[in-house]
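Each remark here refers to the structure printed beneath this line.
The values are calculated or read from the model by the stated rules, or taken from the named source; none is laboratory data. Computed from a predicted structure; not experimentally measured. Using ideal geometry, Cβ is built from the backbone for each residue, glycine included, and neighbour counts are taken over all protein chains shown. For the accessible areas, the whole protein counts, side chains as well, though only heavy atoms, and no ligand, DNA or RNA atoms are used. Shrake-Rupley method; radii C 1.70, N 1.55, O 1.52, S 1.80 Å.
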Amino acid sequence: MRRILSLFVLILVGIFGLSGCGGSGTSGILPENPDPGIYEASFSRGGGRMTVTTAKNNSVTVVVADDAAGVFTGTGSLRSDESFSVTCKGPNDQSIVVTGTLQKSALSKKYVGKIQGSFTFTYDAPLALGNVDVTLFAGTYTGTVDMRNFDSWPCTVVIDANGFITVNFTSNTTPVSMRGLLYSDGHAILRPDDTVTQKLNYWGKGAAYLFFDLGNLYFKVSISTKKDGNEVGVIRTQTPYLPG
């Protein structure tokens, strides 16, 4: 699939939340959303785009980026019939309500629905990310490893089209390499690179996401010196988001 606007918020922000957004109530919640993914659509009016991001805990994050009205964001919950109604807040305290229902066929799944408020139109959000399709996140990320002892080092993260991750940084003068896997809902798991001999080994858990600025893909991982250990530092990297 193409690099869609998602994780724009993916807003897996938080890592899977968004502050300052309105949401809706729930009814008959499923114990786990069977269709996690990121769905995107363009508008029938003017210019703009929208994503609907659903996570395994039934959370729904909606970001509407309208060329004329601005960016509106909101979070809510998926109902048992896989529908949602989310209030999204935008500039100057404006708000819109986005409603949708997941429709599935033998070949595809997508949300169809409507946006109403200061502007009104229908939308159709085809599946942008799901199952093992992680191509949205593929690319080279650069940033830092920030340690709890206040050390900070440059870091490079490479995510390939299959979701495999390679992380490299130098701790003082000691090279460190990590490998891992990015899953379709954006979460990532890292371990020491066993293809090289190294003095320092780290394990990590985190996520890739597209922040609400709609400008960059982000990769953030908490690292520890042993598997499932206490956090000793955080990898913070990003890469330019290039839609299309």
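Calculate, for residue 194 and residue 150, the FRET efficiency according to 1/(1 + (r/R0)^6) with r their C-beta to C-beta distance and R0 35 Å; round to the nearest 0.05. Walk me through the intermediate numbers first.
Details: r = 30 Å, r/R0 = 0.84.
About 0.75, to the nearest 0.05.
Can you list residues from other chains, or at least 5 along the same chain, whose modelled amide H is less than 5 Å from the amide H of residue 171?
Here 176 satisfy the definition.
Measure off, as a whole percent, the carbon and sulfur share of the 1.4 Å-probe accessible area of the stretch 70-112, all protein chains present. Could you put the intermediate results ahead of the total?
Details: 940 of 2060 Å².
For the stretch 70-112, the apolar C and S fraction of the accessible surface comes to 45 percent.
If you build the convex hull over the alpha carbons only and average its shadow over all orientations, what do you get for the stretch 134-236? Give it in nm² to one decimal.
On the way: hull surface 26.1 nm².
Taking a quarter of the hull surface, the average projection is 6.5 nm².
Given a Förster radius of 51 Å and the C-beta distance between residue 89 and residue 173 as r, what FRET efficiency does 1/(1 + (r/R0)^6) yield to the nearest 0.05? Walk me through the intermediate numbers first.
Values: r = 48 Å, r/R0 = 0.95.
According to the calculation, E is roughly 0.60.
Kirkwood hydrodynamic radius (Cα pairs, Å) of the stretch 144-200? Intermediate results must be reported in sequence, preceding the final value.
Values: mean 1/r = 0.0819 Å⁻¹.
So the Kirkwood estimate lands at 12.2 Å.
Please enumerate, by chain and number, the lysines with C-alpha under 17 Å from the C-alpha of residue 110, excluding those fewer than 8 residues away in the same chain.
56
With a sphere of radius 13 Å drawn around the Cβ of residue 233, what net charge do the other residues whose Cβ falls strictly inside it have (Lys, Arg +1; Asp, Glu -1)?
Values: positive: 148, 205, 220, 236; negative: 146, 151, 231.
Charge balance near residue 233 sits at +1.
Collect residues whose amide H, placed 1.01 Å from N in the peptide plane, falls under 5 Å from the amide H of residue 57; neighbours closer than 5 in sequence don't count.
33
What are the ³J(HN,Hα) couplings of the stretch 76-93, residue after residue, when phi is run through the Karplus curve with 6.51, -1.76, 1.60 and θ = phi - 60°? Round to Hz, x for glycine and proline.
With coefficients 6.51, -1.76 and 1.60, one gets x, 9, 7, 7, 5, 8, 6, 10, 8, 9, 10, 8, 10, 9, x, x, 6, 6 Hz.
With a probe of 1.4 Å, find how much accessible area the stretch 134-236 has per residue, and write the answer as a whole number in Å². Don't skip to the answer; put the middle values down first.
Details: 5040 Å² over 103 residues.
On a per-residue basis, the stretch 134-236 sits at 49 Å².
Give me the compactness ratio for the stretch 37-131, meaning the Cα radius of gyration over 2.2 N^0.38 Å. Please list the in-between numbers first.
On the way: Rg = 12.5 Å, N = 95, 2.2 N^0.38 = 12.4 Å.
The reported ratio for this selection is 1.01.
Rounded to the nearest 0.05, what FRET efficiency do residue 114 and residue 57 give with R0 = 35 Å and r taken as the Cβ-Cβ distance? Could you check? Intermediate values should be presented prior to the final figure.
Working: r = 25 Å, r/R0 = 0.72.
The computed FRET efficiency comes out at 0.90.
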